Amino acid sequence: MQPSQTIYLDHAATTPVDPRVVQAMLPYFSDVYGNPSSIHRFGRQAEQAVEDAREQVARVLGCQAKEIVFTSCGSESDNLALRGALLSSPAASRRAHLVTSPVEHSAVINTAHQLVQLAEIDLDIVPVDSWGQVNPDDIAAACQADTALISIMYANNEVGSIQPLRQIAAIARAQSVLFHTDAVQAAGQLPLNVADLGVDMLAVSAHKFYGPKGVGALYVRQGLNLVPSQSGGGQENGRRAGTHNVAFIVGLAVALQIASEEREHFNAIYQKHRDRLIEGLLARIPDARLTGHPTDRLPNNASFAFQHTDGNALLMHLDLKGIAASSGSACKVGNPEPSAVLLAMGYDLTWALGGLRLTVGRQTTDADIDYALEVIPAAVEKVRKLGAGAAA
Ligand code: PLP
């Protein structure tokens, strides 16, 4: 049976491509189809499009165009930052200690663990508090003489908490340690000026801000020594081999510019929807908690934990009712593991299996929120009853 309404409340997983972005991309599929590395006019035209896109991204980030590396996604940008910085000197002379947090996206945390295994990188994972935020003092305490990199995300993909980047940047600077931030969820909603944030590297991914899937960028401060995580040709100043995906790079740049210009307008609307969801669901559902910081959070993120509730079963019930949501990271759908983010924030298993992330977007309406407030409490109650029945 088709639900009477379908509502997309999973904009942290991905967003639809803005029609203005599609229009900007179209010529680069079949009209301007040269390879930007070619010498001839076809190539030069395509190269111009890539360089214009680089300038456009650099303007939003407040940096130089040559400090932007285009990649295939946010995960690749994070990989390039971690691998590139940590493997940039020969093993024998490597300063190779990494400081990160337990609430990072798997693009960072799994890369960190792999670097420990394969490259003997020394790893410290500093704790987070019950809101999912790191304490800058813990980062300072974790830094040692051979610390090469601190990697702390700008805003969390599950619970939306915003990290104290400027304070961490000050610590990194004082200790002469590089600072990378995964800004994949923040881009489009939070300010991205890299000088103001004080970061050395910053990763973004177009599909989180109404651009196409499969293209990302990494800001790399000028002068930073970074080995390519993907070797081959000399594209992107030797930092990222592979023929440029011209149309997608153009799409990323246009999407980022639009997102930056319209940020305040949409954030105000997101926040209104988000706060209605938070207040409405906490009032209607017993044993419900808001997860993440109450105010220091992404304007579009309303995330919860419901005690004794199977989060995946809840998602399926909501899907049947026409509501698309998530229990956390998009990759976790269908995975019965508790949320590592909620566990790190101190939630026990009775809570950490019952996460729900609702993320509003540009097309979300008041009527969508009304419908969510009507449907979600009943769905939680039903899932809890089914779970209690199964356990009996
Ligand atoms: N970092 C964060 C915080 C994310 O939320 C995501 C995607 O969900 C990524 C990295 C990975 O980005 P991509 O899907 O472009 O690889």
> When only residues in segment 1-56 that are in a loop (DSSP other than H, G, I, E, B) and closer than 20 Å to VAL69 by Cβ count, which is least open to solvent (accessible area, probe 1.4 Å)?
Replying inline: PRO36
>> Criterion first (touching a residue at least 24 places away in the same chain (Cβ under 8 Å), within 16 Å of the ligand (Cβ to nearest atom) and either over 20 Å from LEU190 (Cβ atoms) or open to solvent by less than 20 Å² (accessible area, probe 1.4 Å) (or both)) does SER130 satisfy it?
In response: no
>> Here is a list: GLY198, GLY216. Which entry is of a type outside the set (A, V, I, L, M, F, W, C), touching a residue at least 24 places away in the same chain (Cβ under 8 Å) and within 16 Å of the ligand (Cβ to nearest atom)?
In response: GLY216
> Which of the residues belonging to segment 171-218 are open to solvent by less than 10 Å² (accessible area, probe 1.4 Å) and of a type in the set (Phe, Trp, Tyr)?
Replying inline: PHE179, PHE209
> For ASN225, are the conditions met, namely being away from the ligand (no atom under 12 Å from the Cβ) and surrounded by fewer than 18 Cβ atoms within 10 Å (Cβ to Cβ)?
Replying inline: yes
> Where in segment 321-392 are there helices (runs of 4 or more DSSP H), lying fully within it, with 3 or more residues that are modelled with pLDDT of 95 or more and closer than 24 Å to GLY188 by Cβ?
Replying inline: 366-391
> Looking only at residues in segment 133-162 that are of a type in the set (S, T, N, Q) and touching a residue at least 60 places away in the same chain (Cβ under 8 Å), which one is nearest to the ligand (Cβ to nearest atom)?
Replying inline: ASN157
> Out of all the residues in segment 294-307, which are within 17 Å of the chain's Cα centre (by Cα) and either within 11 Å of TRP131 (Cα to Cα) or of a type in the set (Phe, Trp, Tyr) (or both)?
Replying inline: ASP296, ARG297
> Does ALA268 count as within 29 Å of ASP138 (Cβ to Cβ), of a type in the set (A, V, I, L, M, F, W, C) and either more than 13 Å from the ligand (Cβ to nearest atom) or assigned to a loop (DSSP other than H, G, I, E, B) (or both)?
Replying inline: no
> When both residues are 6+ apart or on different chains and their Cβ atoms are under 6 Å apart, which pairs have a first residue that lies in segment 219-238 and is over 19 Å from GLU47 (Cα atoms), and a second that is in a loop (DSSP other than H, G, I, E, B) and β-branched (Val, Ile, Thr)?
Replying inline: none
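To keep it simple, each residue is scored yes or no on (1) closer than 26 Å to ASP196 by Cα; (2) of a type outside the set (S, T, N, Q).
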| site | (1), (2) |
| --- | --- |
| PHE29 | no, yes |
| VAL32 | no, yes |
| VAL60 | yes, yes |
| THR71 | yes, no |
| ASN79 | yes, no |
| LEU86 | yes, yes |
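The values are calculated or read from the model by the stated rules, or taken from the named source; none is laboratory data. On a predicted model such as this, the values are computed, not experimentally measured, just so you know. Note that each Cβ is placed from the backbone with ideal geometry, even for glycine, and that neighbours are counted across all protein chains shown. Just so you know, the surface numbers come from the protein's heavy atoms only, side chains and all, with ligands and any DNA or RNA stripped out. Shrake-Rupley method; radii C 1.70, N 1.55, O 1.52, S 1.80 Å.
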